[in-house]
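Shown next, in structure tokens, is the structure this report addresses.
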Amino acid sequence: MVDAVSERLSLLVDLASLVTREVELDVLLGAAGERLAEALGADRATIWLIDSAAGALISRIGSLPSGPPLRLPVGRGIAGFVAREGTPVRINDPRSDERFDASVDRATGYLTKAILAAPIRERDDGPIRGVVQILNPASGSFDDDDLRYLCALCTQLGRALALTTLRADSGAAGLVLRGPFNRIVGTSAPLADVYLRVDRAAKSDATVLLRGATGTGKGLFARAIHANSKRQTGPFVVVDCTTLPKELVESELFGHERGAFTGADRRVPGKVELARGGTLFLDEIGDLPLESQGKLLRFLQERVFERVGGRTTQEADVRIVCATHQDLEAHVATGRFRADLYYRIRVVEIVLPSLAARGGDERLLLAEHFAALYASRYDRPPPVLTEAARSHLLAHDFPGNVRELEHWMESAVVLSDDGILDVPSFPPARHSLRVERTQVPVKPRNSGEVRGEEVVLERDLPLDEAARRYAVATLAASKGNQSEAAKRLQIGRARLARLLRGE
Ligand SMILES: Nc1ncnc2c1ncn2[C@@H]1O[C@H](COP(=O)(O)OP(=O)(O)OP(=O)(O)O)[C@@H](O)[C@H]1O
Ligand SMILES: [Mg+2]
């Protein structure tokens, strides 16, 4: 049994790890809503985002995801009150509170008994982006601790929203997916060809297969297809086929009914259902176990499915985008991947070029883009690349492609005091590892205490590289102040300097 305290802590860690990665907004909100309800022992969590143009709140994720999103004018009901006033609210007897609006209950057939709600802001003094609302705790009422916890979580969510690329950068409230290729950098010929195909694919509902080596931007372009399609206001749901154990794939994709197997104590919707009206991104499709490929094929052909343990056939209007870095043709030849499924997912194929194929100019353009991005994220001076640094970037072969370049630039920005990015700020050559996809949160040593920042490291790192990255992250969390970072790490400044150099 996971006790309530560690459940709450692990939720914060989860969000922190999502925040430090390229954020999938819907995944983040979905995970937050689900786990939040669990951590607070509540029946339901809803995350409302503000659509400022319409002056309305839109329910983006609820823990009962079936049914269309709800809309509520700002000012109406408890969520509307929080959206207007920006203050958190705790109510254990809603019907005696005049701010409570019973019309949502009437529309959903739900009986609200207790409410906890808090605003989401990107910065303490920034505009309100949304509201998180939690309903009906098993204990019957919410206490002050619950409210403090929810507020801490909203701070994290706000930070995630501030970092996600899928938003307007004008500071307008609400989430707007803008521009054909928001924040995708590159103008080289191979990339121009990708844009053309992504653009065409986005205009249709055809199934897309994105191919390319690790770190070439498959995830990014999958989102670009969604964000530029007519489904852009619908959900974007990711299934990472590498992390799914064989036995769980079917239930992950199609959901299960209560009692479908041991431990299935409630009905859980599958990713296909969650993606209704939007896009389902099947990442690393080459890892989908053979046993489940037939079920997926049927869904692709007929757009119908059954939940595990369920009898009724369901429909879902979902657009499918797949990605792989593997040689699917070889998998088909050896019988690891079904030929019929292979043809089904390859309707539109888009091959992403390696960083090397994109030429030196583009590499430097990307380097400058990431330097500027991380300088603003870490509040560092405007970055300038030295000539030596440029030559160094051009000489390295970046097997981890754009992602590896991104890590290099992040590290250089963090290590530079004055914004001058020079060769010594880049990782030593021996550490240019292939980038692992799986990340595990590193829990603070004393996990009884919530720290302001959590650090996420990739699995299977050599210890000295892990130590270096942890030191870099701590320095970043200390806003570049080396004395403070050394203090946090309980080591001297000289030792910190050695750690940062990877010694
Ligand atoms: N053209 C680009 N412009 C800006 N950023 C990019 C570009 N291509 C990739 N990136 C960034 O590089 C990182 C890696 O991209 P992404 O995760 O999409 O790669 P991937 O192909 O899915 O990798 P993997 O196979 O390892 O999952 C991300 O942070 C992404 O935002
Ligand atoms: Mg990816």
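Each value in this text was obtained by applying a stated rule to the coordinates, not by laboratory testing. Keep in mind the model is a prediction, meaning the values are calculated, not measured. We place every Cβ from the backbone using ideal geometry, glycine too, and count neighbours over all the protein chains shown.
A few points about this structure:
- Neighbour-count ranking [beta-carbon atoms within 10 angstrom, fewest first] of Cys154, Cys322, Cys241: Cys241, Cys154, Cys322
- Cα-derived Rg to Rh of segment 338-414, Kirkwood definition: 1.17
- Signed unit charges on C-beta, dipole axis of segment 189-351, positive-most listed residue Ala227, Val238, Pro289: Ala227
- The Kirkwood hydrodynamic radius of segment 189-351, based on inverse pair distances between different Cα atoms, is 16.2 Å.
- Segment 398-425 and segment 271-296: distance between their alpha carbon centers, rounded to Å: 35
- Highest to lowest packing among 245-254, 380-389, scored as the average C-beta count within 10 Å: 245-254, 380-389
- Protection proxy ranking, peptides 127-137, 355-365, average beta carbon neighbours within 10 Å, highest first: 127-137, 355-365
- Magnitude of the charge dipole, segment 353-400, Cβ model with Lys/Arg +1 and Asp/Glu -1, debye to 20: 100
- Ordering 256-262, 211-217 by mean Cβ neighbour count within 10 Å, with the highest value first, yields 211-217, 256-262.
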